[in-house]
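Q: Have a look at this one before I ask anything.
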Amino acid sequence: MKVFSAKQMRELDAFTIQSEGIPSIDLMERAASEVTLDIMSRWSKEVPFVVFAGAGNNGGDALAVSRLLLGYDYKVQTYLVNPKGNLSPDCQANKERLLATPNAQLFEVGEEFESPAIPQGAVVVDGLFGTGLNKPLTGVFASVVEVINAASAQVVAIDMPSGLMCESNQGNDERHIVRADLTLTFQYPKLAQLLDDNYNYVGALRILDIGLSKDYAARLVSPYSLLSEIQVSPLRKPRSPIGHKGTFGHALLIAGKYGMAGAAILAAKACLRSGVGKVTVHTPQRNNDILQISVPEAILSHDADASCFTQPLDDLSGYQAMGIGPGLGTSSSTALAVLEQVQLAGLPLVVDADALNILAAHHHALHLLPKGAILTPHLGEFKRLGNRSVNHFTALSEAREMAVTLGIYIILKGRHTAICTPEGKTFFNATGNSGMATAGSGDVLTGILTSLLAQGYDALHACLYGVWLHGLAGDLAAAELSPEALTATDIIEYLPKAILKMSNKS
């Protein structure tokens, strides 16, 4: 599913209206109907509603929602915030329709705003501003947002939380952005809704189909898209019934200094659970016993140093892919070995954890990465890798540029993990949950990605399928165990169920 800019959404609306030959107010009614049906599926008629509408078309949506809810016998108070005394034509039409509705309570607000008493247990519907906003809210609108945020009420935002801009929110005033519990957005997600920085404003996101032109949407070009199961399922390679362990690849994992053997264990177990034929773990001698006991299926290769990685491997001819970084440490001898190993790689490569930290401390070495390498930083790690990232939006912009410049893939981990490609595209993942924000979860992802590369997946498909599978395993685990109780080991243990689920879809 594509992620469009505010400008593209306006174009899509206009084309739909023109091509279908329908008045714009009818499209507004269609959108309001979808919002109303979603609201009615969540809350009963006993719950009081307070609707805040702006003077533009988002306000028109909100006024229509008020009218439709009243038609189903909901209790609704509506506030139309119109400081300039000038409504858009469709907003004006919906104001008149609402006034003609029995039991309507419409209060128009000018420059002065007297805070209403929002009933206990109420639901607030935010329809002040939609996708057209391009500057921070001030004046009466800022005051209304402060009232909404201060209320002990659940908040539903129509299309966008008011005050949140569709793309960059750098320089925005966070005090004057509605903190929604639920955002009901129209047809396609917007970039700002997928960034971690904005989760406290967006809340849960639901995309409503309001029948915008799919033909025109297909012609619009966007570098961003949100992954779906339909898109990812076909990427899964069928497993040959006559294959042997050599058929499914030999993965090399360079992981685990002494005291961090757990990272190597998690990566190795995840690698094996993801279908690879063989995995070799290159690790210090002092990790030998725990790895032999914990992962008896793995082959061990010992570093010359007993406690940390100091000696890069020269002969990689027996391996189809390599993952490097989990639990390695960042000592000077390890850093030199990592930089040399990365340069010697010559095979599909996943770079994670301490290997990323070493690259961040030696920026010049980023250019030594082989084309098609996969880097898996979280936001903090990427801020160190980059030069100008201060928030998720700037990090995403810089990650996209870096992926193109270096010809690599960057998996920027987060709530909606972003996969940035050498072609300048970004794919947001739709699986995963907060329980996966736990130690070792990234090591598991490294194991999965390295396994897929060793099995012959190209880098793009390994990223898309691997990130989806990782998140899906976490979702299945959280559904049974709870997000709070989730550990990285649980993600590995639920990988078989995730793979089975994907097998049934492909």
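Quick note: the coordinates plus some simple rules give every number you see, no bench work behind them. Keep in mind the model is a prediction, meaning the values are calculated, not measured. Using ideal geometry, Cβ is built from the backbone for each residue, glycine included, and neighbour counts are taken over all protein chains shown.
Q: Around GLY130, which amide H atoms from residues at least 5 apart in sequence, or from another chain, sit under 5 Å from its own amide H, with H modelled in the peptide plane?
A: Under 5 Å from the amide H of GLY130: ASN58.
Q: Now, a different point. Using the count of nearby Cβ atoms within 10 Å as a rough guide to exposure, how do ILE210, ILE408, ILE448, ILE290 rank from fewest to most? Don't skip to the end; give the middle numbers.
A: Details: ILE210 19, ILE408 22, ILE448 30, ILE290 16.
Listed from fewest to most nearby Cβ atoms, that is ILE290, ILE210, ILE408, ILE448.
Q: Sticking with this structure for a sec: With a ≥ b ≥ c taken as the square roots of the eigenvalues of the C-alpha gyration tensor of segment 61-189, please select rounded if a/c is under 1.5 and otherwise prolate if a/b is larger than b/c or oblate if it is not?
A: In terms of gyration-tensor shape, rounded.
Q: Relative to the longest principal axis of the chain, what angle (0 to 90°, nearest 10) does the C-alpha long axis of helix 459-481 take?
A: Result, in degrees: 70.
Q: I would also like to ask the following. By count of other Cβ within 10 Å, fewest leading, how are SER331, SER451, SER301 ordered? Walk me through the intermediate numbers first.
A: Details: SER331 17, SER451 32, SER301 13.
Ordered by Cβ neighbours within 10 Å, fewest first: SER301, SER331, SER451.
Q: Moving on to the next point. Of ILE254, ILE299, how do they rank once you tally other Cβ atoms within 10 Å and put the fewest first?
A: Numbers: ILE254 25, ILE299 13.
Lowest to highest Cβ neighbour count: ILE299, ILE254.
Q: Return one number: the angle in degrees, 0 to 90 and rounded to the nearest 10, between the long axis of the Cα atoms of helix 261-273 and the longest principal axis of the Cα atoms of the chain.
A: The helix 261-273 is inclined about 80 degrees to the chain.
Q: Apply the Karplus parameterisation 6.51 cos²θ - 1.76 cosθ + 1.60, with θ equal to phi minus 60°, to every residue of segment 294-308 and state each ³J(HN,Hα) to the nearest whole Hz, in sequence, with x for glycine and proline.
A: 6, 10, x, 6, 7, 8, 10, 10, 9, 6, 5, 8, 6, 10, 8
Q: When only DSSP loop residues count, what trypsin sites (Lys or Arg not before Pro) in segment 372-465 have their Cβ near at most 11 other Cβ atoms within 10 Å?
A: Here the trypsin sites (Lys or Arg not before Pro) that fit, given the DSSP loop and packing criteria, are ARG388.
Q: Would you please give the residues with an amide H less than 5 Å from that of VAL109, counting only those at least 5 places away or on a separate chain, with H modeled from the backbone geometry?
A: Those lying under 5 Å, H to H, from VAL109 are LEU80, VAL81, ASN82.
Q: Could you tell me how far the Cα centroid of segment 396-432 sits from the Cα centroid of segment 175-243, in Å?
A: Using only Cα atoms, the two centres lie 15 Å from each other.
Q: Moving on. Could you please state, rounded to a whole Å, how far the C-alpha centre of segment 20-65 is from the C-alpha centre of segment 69-110?
A: 11 Å
Q: Report relative contact order for segment 6-222 in percent, whole number only (criteria: Cα-Cα under 8 Å, sequence separation at least 6).
A: 19 percent
Q: Exactly which trypsin sites (Lys or Arg not before Pro) in segment 15-56 are in a DSSP loop and have at most 12 other Cβ atoms within 10 Å?
A: Loop-located and lightly packed - LYS45.
Q: Could you give the angle, 0 to 90 degrees to the nearest 10, between helix 332-344's Cα long axis and the longest principal axis of the Cα atoms of the chain?
A: Helix 332-344 sits roughly 90 degrees off the main axis of the chain.
Q: For MET322, enumerate residues with amide H under 5 Å from its amide H, sequence gap 5+ or separate chain, H modeled in the peptide plane.
A: Close amide H contacts, sequence-distant or interchain: LEU252, LEU349, VAL350.
Q: Loop only by DSSP, 15 or fewer other Cβ within 10 Å of the Cβ. Give me the GluC sites (Glu not before Pro) in segment 419-506 that pass, ordered by residue number.
A: GLU423, GLU484
Q: What's the extension gain from SER294 to ILE230 if we count 0.36 nm per residue and subtract their Cα-Cα distance?
A: 19.4 nm
Q: Defining a contact as two alpha carbons under 8 Å apart and six or more residues distant in sequence, what relative contact order in percent does the chain show?
A: Once normalised by length, the contact order is 12 percent.
Q: Looking at the chain, send over the antiparallel percent of its DSSP beta bridges, to the nearest 5.
A: 10 percent
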